[in-house]
Amino acid sequence: MSIGNALLLLVLALPAWASYDVNIPPPATPVASQIYGLHMYILWICAVIFVIVFSAMFYSIFKFRKSKGAKPDVNFHESTLIEIIWTIIPFVILIAIAIPATRTVLDMKDTSNPDMTIKITGFQWGWRYDYSADDMGFYSNLLTPWSQIGQPNVEATEKKGDDYLVEVDNPLVVPVGKRIRLLVTSNDVIHGWYVPQLGVNQYGIPGFIKDVWFTAEKVGTYRGQCSQICGKLHGYMPIAVVVKSEADYAKWVEEAKGKWSNKAAAPVVAVAPVEDVSKKFTMAELKSQGEKVYAANCVACHQPSGKGMPPAFPPLAGSKVVLASADQQINIVLNGRPNTAMVSFARLSNTELASVITYTKNSFGNSTGTLVQPADVKAARK
């Protein structure tokens, strides 16, 4: 390839290069600013060390090469002065790094005097946010449809959106300029609530509550993802934090209380705040809603065809469990199956579970004719 062609290709590639960001995203909180500054500070120290060390090495290679008649000093054994120098210099460098790093870590861990506290619970594969002061809470799940993602051996049918795999249905909402304390935990495996622009990366560990804080300095939307490999759908656990002005936040709280008040929630945590379990649905109604629930919660493992990915994810088409009595399947979706990838879906509402069970019993070639009503699921929860 000629030099002219190479330069032409380089110019054509510049637009792609311009969007290739490799550095830490711009900080949006005081702690994130400290982390960003510390990152750049250490980066420049490393760059200076690199230049000095490699310059000396290449100079020595060139200056004292064999073709110039250089000969090794075979009598050289040790030099106390040199040993002191190569001990003191790294020590000074480490101290210069440790002091600001320690200051930043201590600031990250200082969760005192918060303006508000939010509990975050990770689960496979989403998040729950509880605002204790406002007595409300809600779930946050991936919003990107599977039609954009595709499946093994199944191509995506839609073009990827601008926020592909980092968009959620219900973001965490906080007011600007307030000190927010987060209590992070998990109800299954270890997750990591990570939003780099807020300077927060806190593990959620089952049985433990860890706290962290941030103060967003400007209105906007900040995105992150689970930072711990927590299972097959780990990559589908995005996080979105929307920072609003105090006035807009107050309006959002009033609207959110109407949708997600814990006072109106069912005894067992459910997605829908109000549910009439006595209502009788038709087969068409249950299958229609069940198909949506299946697409949001089951399709990644059991596949759109219901054929699964054996042996880890068994097929639902022709499954003995699905074709058997409804009680057996209800028990599995409520409690999961120990030592398998099948986790509990008790967090879904009675109506959602009834509809998805009915859907699987009458889809993928299964034709049991069985209808499962919300009252059946509610009775099994007791």
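Multiplying the residue separation of Glu167 and Arg65 by 0.36 nm and removing their Cα-Cα distance gives an extension gain of 30.8 nm. Considering only Val173, Ala346, His302, and ranking their Cα positions along the charge dipole of the chain that arises from unit charges at the beta-carbon of Lys, Arg, Asp and Glu, the one farthest toward the positive end is His302. Near the amide H of Gly308, within less than 5 Å, lie the amide hydrogens of Gln303, Leu316, all on another chain or at least 5 residues away, with H placed in the peptide plane.
The heavy atoms of Ile97 offer some 40 square angstrom of accessible surface to a 1.4 angstrom probe. Relative to the Cα centre, the charge distribution of the chain, modelled as +1 at Lys and Arg Cβ and -1 at Asp and Glu Cβ, gives a dipole magnitude of about 700 debye. Calculated [222 nm] ellipticity per residue, helices only, for the chain: -13000 deg cm²/dmol; basis is -39500 (n - 2.57) per DSSP H run with n ≥ 4, divided by all residues, nearest 500. Near the amide H of Gln228, within less than 5 Å, lie the amide hydrogens of Gly192, all on another chain or at least 5 residues away, with H placed in the peptide plane. Determine which residues of the range 90-121 fall in the zone a paramagnetic label at Ala250 would reach in this model, i.e. backbone nitrogen under 18 Å from the point 7 Å along Cα→Cβ. Answer for this model: 115-116.
Helix 326-335: angle to the longest alpha-carbon principal axis of the chain, degrees 0 to 90, nearest 10? It is inclined by approximately 30 degrees. The angle between the Cα long axis of helix 246-260 and the main principal axis of the chain comes to about 40°, on a 0 to 90 degree scale.
Using a 1.4 Å probe on the protein heavy atoms, what percent of the accessible area of the chain belongs to carbon and sulfur? Of the solvent-accessible surface of the chain, carbon and sulfur hold 62 percent.
Look at the dipole of the range 25-165 built from charges on Cβ: of Leu81, Met108, Tyr131, the Cα furthest out on the positive end belongs to Leu81. Charging the Cβ of each Asp and Glu at -1 and of each Lys and Arg at +1, and nothing else, the dipole of the range 113-182 about its Cα centre rounds to 300 debye. Taking label points 7 Å from Cα along the Cα-to-Cβ direction, Glu83 and Thr221 give a separation of 6.2 nm. Considering only Asn75, Asn153, Asn170, the mean-square fluctuation computed in a Gaussian network model of the chain, springs between alpha carbons under 10 angstrom, is largest for Asn75. Taking every protein chain into account, the 1.4 Å probe leaves Glu217 with about 120 Å² of accessible area, to the nearest ten. Backbone phi angles across the range 121-135, fed through the Karplus curve with coefficients 6.51, -1.76 and 1.60 (θ = phi - 60°), yield HN-Hα couplings of 10, x, 8, 7, 9, x, 9, 10, 10, 10, 9, 5, 5, 9, 6 Hz in residue order; Gly and Pro are listed as x. For the range 30-60 versus the range 75-101, the spacing of their alpha-carbon centroids is 17 Å. The relative contact order of the range 215-266, computed from alpha carbon pairs under 8 Å that lie at least 6 residues apart in sequence, is 34 percent. Quick one: Debye curve from the alpha-carbon atoms of the range 47-165 only, equal weights, vacuum; give me log10 I(q)/I(0) at q = 0.20, 0.22 Å⁻¹ to two decimals. Those come out to -1.21, -1.27, one per q. Just going by the charge dipole of the chain, with Lys and Arg at +1 and Asp and Glu at -1 on Cβ, which of Ser278, Gln34, Val293 is farthest out on the positive end? So the residue we want is Val293. If the viscosity is 0.692 mPa s and the temperature 37 °C, what translational diffusion coefficient in µm²/s does Stokes-Einstein give for the chain when Rh comes from Kirkwood over Cα pairs? Stokes-Einstein gives a translational diffusion coefficient of 130 µm²/s. The H on the amide N of Ser186, modeled in the peptide plane, is under 5 Å from the matching H of Gly122, Ile205, Gly207, Phe208, each at least 5 residues off or on a different chain.
The accessible area of Leu334, taken with all protein chains in place and a 1.4 Å probe, comes to roughly 10 Å². Annotation: per residue accessible area for the chain equals 58 Å², rounded to a whole number [probe 1.4 Å, protein chains only].
With angles folded into 0 to 90 degrees, how steeply does helix 350-361 sit against the dominant principal axis of the chain? Use alpha carbons for both and round to 10. Compared with the principal axis, the helix lies near 90 degrees.
Beta-bridge orientation, the chain: approximately 75 percent antiparallel, per DSSP, counting only bridges with both partners inside.
Structural descriptor for the chain: relative contact order 13 percent, calculated from alpha carbon pairs under 8 angstrom and at least 6 residues apart.
The values are calculated or read from the model by the stated rules, or taken from the named source; none is laboratory data. Predicted, not measured: the structure shown is a model, and the values here were computed from it. Quick reminder, even Gly has a Cβ in these numbers, built from the backbone with ideal geometry, and neighbours come from all protein chains shown. For the accessible areas, the whole protein counts, side chains as well, though only heavy atoms, and no ligand, DNA or RNA atoms are used. Shrake-Rupley method; radii C 1.70, N 1.55, O 1.52, S 1.80 Å.
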